[in-house]
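Worksheet for the structure shown next.
The values are calculated or read from the model by the stated rules, or taken from the named source; none is laboratory data. None of the values given here were measured: they were computed from a predicted structure. Glycine also receives a Cβ, built like all others from the backbone with ideal geometry; neighbour counts cover every protein chain displayed. The accessibility values were calculated without ligands, DNA or RNA, using every heavy atom of the protein model including side chains. Shrake-Rupley method; radii C 1.70, N 1.55, O 1.52, S 1.80 Å.
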Amino acid sequence: MAEPPVVIDVVLPCLDEAASLPMLLTRLPSGYRPIVADNGSTDGSAEVARLHGATVVHVPERGFGAAAHAGLLVATAEVVCFLDADGSLDPQQLPRVAGPVVNGLADLVLGRRRPTVRAAWPWHARVGNRVLARRLRRRTGVPLRDLGPMRAARRASLLGLELRDRRFGYPLEMVTSAAAAGWRIAEVEVDYAPRTAGSRSKVTGTVAGTARAVLDMSRVLAR
């Protein structure tokens, strides 16, 4: 008898992403369950998510980390993925990052973004990511080239890290805490495309957004 498929929860932190959610939620691979952590959307994102079969958790505390962590708390699967909700990443590639965790080859896997077109990754976001990745390598010794927003780990292990940041520093704190705990951290390539028309990233969409994220992450590195 064939073994039942592995079930994986996918947390999508969300703020006004109604334009992106239909594509994302309909492209999830079999066995991947969406949890949309709505961070105060005013464009009907929560309703769109429900119509497409997602579990929706309302997160009144503003901040990317607040939404991501709320989704993690609601998840019940052994392995959890995180995915940006702006349509820039292809859900069909989630098995690339989840596979090594499911198979016991890594404890945390990040998707290293490979732009499909130059416009997908604005210059200011590239520079900010490069600077932070360099500082992260120096601090942890982990040879990461990207703070990839598509990632996977085991839920219980993530909760055990007791992550505190509730802003844009959350993804970086996840890596620094995992490295300090001796986790095996890996990186795999994933496509990075322009976000859905009508959607704007809260980080890479503007210079100010990138600067705010770099500041939040720099505070994490300074701890």
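Just the residues that are crowded, with 17+ Cβ neighbours inside 10 Å and charged (D, E, K, R), please, taken from the stretch 34-64.
Residue satisfying the conditions is Asp38 alone.
Here's the yes/no breakdown for (1) more than 15 Å from the chain's Cα centre (by Cα); (2) among the aromatic types (Phe, Trp, Tyr):
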site	(1), (2)
Leu159	yes, no
Asp165	no, no
Gly169	no, no
Val175	no, no
Ala180	yes, no
Trp183	yes, yes
Thr196	yes, no
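Taking the stretch 19-57 as the range and being among the β-branched types (Val, Ile, Thr) and touching a strand residue (DSSP E or B) at 6+ places or on another chain (Cβ under 7 Å) as the test, the residues that pass are Ile35, Val36, Thr55, Val56, Val57.
For the stretch 52-84, the set of residues classified as assigned to a helix (DSSP H, G or I), of a type outside the set (Phe, Trp, Tyr) and over 24 Å from Gly104 (Cα atoms) consists of Gly65, Ala66, Ala67, Ala70, listed by residue number. Please specify each residue of the stretch 76-105 satisfying the condition of being open to solvent by 30 Å² or more (accessible area, probe 1.4 Å) and without any contact (Cβ under 8 Å) to a residue 40 or more places away in the chain. Hits for the stretch 76-105 are Asn103, Gly104.
Does Val36 count as in contact (Cβ under 8 Å) with a residue 40 or more places away in the chain and touching a Ser or Thr at 6+ places or on another chain (Cβ under 9 Å)?
For Val36, the condition - in contact (Cβ under 8 Å) with a residue 40 or more places away in the chain and touching a Ser or Thr at 6+ places or on another chain (Cβ under 9 Å) - is met.
Say whether the condition of being at pLDDT 85 or above, open to solvent by less than 60 Å² (accessible area, probe 1.4 Å) and not β-branched (Val, Ile, Thr) is met by at least one residue in the stretch 122-130. So far as the stretch 122-130 goes, no, none of its residues is at pLDDT 85 or above, open to solvent by less than 60 Å² (accessible area, probe 1.4 Å) and not β-branched (Val, Ile, Thr). Any chance the stretch 179-199 includes a residue that's surrounded by fewer than 22 Cβ atoms within 10 Å (Cβ to Cβ), closer than 14 Å to Arg223 by Cβ and touching a helix residue (DSSP H, G or I) at 6+ places or on another chain (Cβ under 6 Å)? Within the stretch 179-199, one or more residues are surrounded by fewer than 22 Cβ atoms within 10 Å (Cβ to Cβ), closer than 14 Å to Arg223 by Cβ and touching a helix residue (DSSP H, G or I) at 6+ places or on another chain (Cβ under 6 Å).
Take Leu73 and decide whether it is surrounded by fewer than 22 Cβ atoms within 10 Å (Cβ to Cβ), under 18 Å from Ala152 (Cβ atoms) and among the hydrophobic types (A, V, I, L, M, F, W, C). Even if it seems obvious, please write down each step before you answer.
On the way: surrounded by fewer than 22 Cβ atoms within 10 Å (Cβ to Cβ): yes; under 18 Å from Ala152 (Cβ atoms): yes; among the hydrophobic types (A, V, I, L, M, F, W, C): yes.
Against the criterion (surrounded by fewer than 22 Cβ atoms within 10 Å (Cβ to Cβ), under 18 Å from Ala152 (Cβ atoms) and among the hydrophobic types (A, V, I, L, M, F, W, C)), Leu73 qualifies.
Mind listing just one residue for me: the one in the stretch 94-119 that is of a type outside the set (Ser, Thr, Tyr), closer than 24 Å to Asp16 by Cβ and in contact with an Asp or Glu (Cβ under 9 Å, 6 or more places away or on another chain) and, of those, modelled with the highest pLDDT? Taking the candidates together, the pick is Gly111. The residue of the stretch 1-33 that is most open to solvent (accessible area, probe 1.4 Å), among those that are assigned to a loop (DSSP other than H, G, I, E, B) and polar (S, T, N, Q), is Ser30.
Residues of the stretch 160-176 that are among the small types (Gly, Ala, Ser) and buried (at least 21 other Cβ atoms within 10 Å of the Cβ): Gly169 alone.
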